[in-house]
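Structure first, then comments.
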Amino acid sequence: MEKITSLIRLRMGAHDAHYAGNLVDGAKMLHLFGDVATELLIRSDGDEGLFVAYDKVEFLAPVYAGDYIEAVGHIESMGKSSRKMVFEARKVIVPAGVAGQASAANVLDTPIVVCRASGTCVVPVHCQRGPGGKPA
């Protein structure tokens, strides 16, 4: 099986900050993983499918408003209708914190892994249309 992957990158805005100090709620990373999973299912089966469960979630570093997060995932194994997936979210750009330059930012030489997870999605057999939606 060819490895099916997905990557999305976006900036955490002030509207994502849920706690004091502009801290972003960890659930936001799970939201991103859900979007990655949806793309993976469309690429593998031509259908958005359903996320059944996470079997492991690790929050490893804080995320703040202004951080750029890269969420990646791939399908690790496929059953008749189930798809086992793994995910990772990495901080790739951070605000620079330069006095008088609120818009300054730094690209990290080494991304910081902020969250890892694994879970299972399902695409009912009658919904499977083949890779990318092409007829199976």
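Bear in mind that the values in this text are calculations on the coordinates, not laboratory data. Please read these numbers as outputs of a predicted model, since none were measured by experiment. All Cβ positions, glycine included, derive from the backbone under ideal geometry; neighbour counts span all protein chains shown.
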Q. Simple spin-label model, 7 Å along Cα-to-Cβ: Leu23 to Asp109 in nm?
A. 2.9 nm
Q | Candidates Ala99, Ala27, Ala117: whichever shows maximal mean-square fluctuation once the chain is modelled as a Gaussian network with Cα springs under 10 Å | A | Ala99
Q: Using label points projected 7 Å from each Cα along Cα→Cβ, tell me how many nm separate Glu2 and Ala61, to one decimal.
A: 3.3 nm
Q) What list of ³J(HN,Hα) couplings, whole Hz, do you get for segment 52-65 from phi and the Karplus terms 6.51, -1.76, 1.60, once you set θ to phi - 60° and write x for glycine and proline? A) 8, 6, 8, 9, 7, 9, 10, 8, 10, 7, x, 10, 10, 4
(Q) Can you tell me the length gained on complete extension of the stretch His15 to Lys84, counting 0.36 nm per residue apart and subtracting the Cα distance? (A) 21.7 nm
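Looking only at Cα atoms, what is the convex hull volume of the chain per residue, in Å³?
Working: hull volume 15.6 nm³, N = 136.
With only Cα atoms used, the chain gives 115 Å³ per residue.
Go through segment 1-54 and name the trypsin sites (Lys or Arg not before Pro) that are in a DSSP coil and have 15 or fewer other Cβ atoms within 10 Å of their Cβ.
Details: sites: Lys3, Arg9, Arg11, Lys28, Arg43; in loops: Lys3.
Taking segment 1-54 and a limit of 15 other Cβ atoms within 10 Å, the loop trypsin sites (Lys or Arg not before Pro) found are Lys3.
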Q | Estimated 222 nm signal from helices in the chain, with DSSP H stretches of n ≥ 4 weighted -39500 (n - 2.57), rounded to 500 | A | -5000 deg cm²/dmol
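Please order Thr5, Thr110 by the number of other Cβ within 10 Å, starting at the fewest. Can you show the working numbers first?
Details: Thr5 13, Thr110 7.
Going from sparsest to densest Cβ surroundings: Thr110, Thr5.
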Q: Going by C-beta contacts inside 10 Å, put Cys127, Cys115 in order with the fewest on the left.
A: Cys127, Cys115
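For the chain, with only Lys/Arg (+1) and Asp/Glu (-1) charged at the beta-carbon, what is the dipole magnitude about the Cα centre, in debye rounded to 20?
Around 240 debye, computed over the chain.
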Q.
For Asp67, what residues show an amide H to amide H distance below 5 Å, using hydrogens built from the backbone and excluding near sequence neighbours?
A. Met12
Q: Express in whole angstrom the spacing between the alpha-carbon centres of segment 112-135 and segment 1-63.
A: 13 Å
**Q.** Helix 27-45 vs. the chain, principal-axis angle (Cα, 0 to 90°, nearest 10)
**A.** 30 degrees
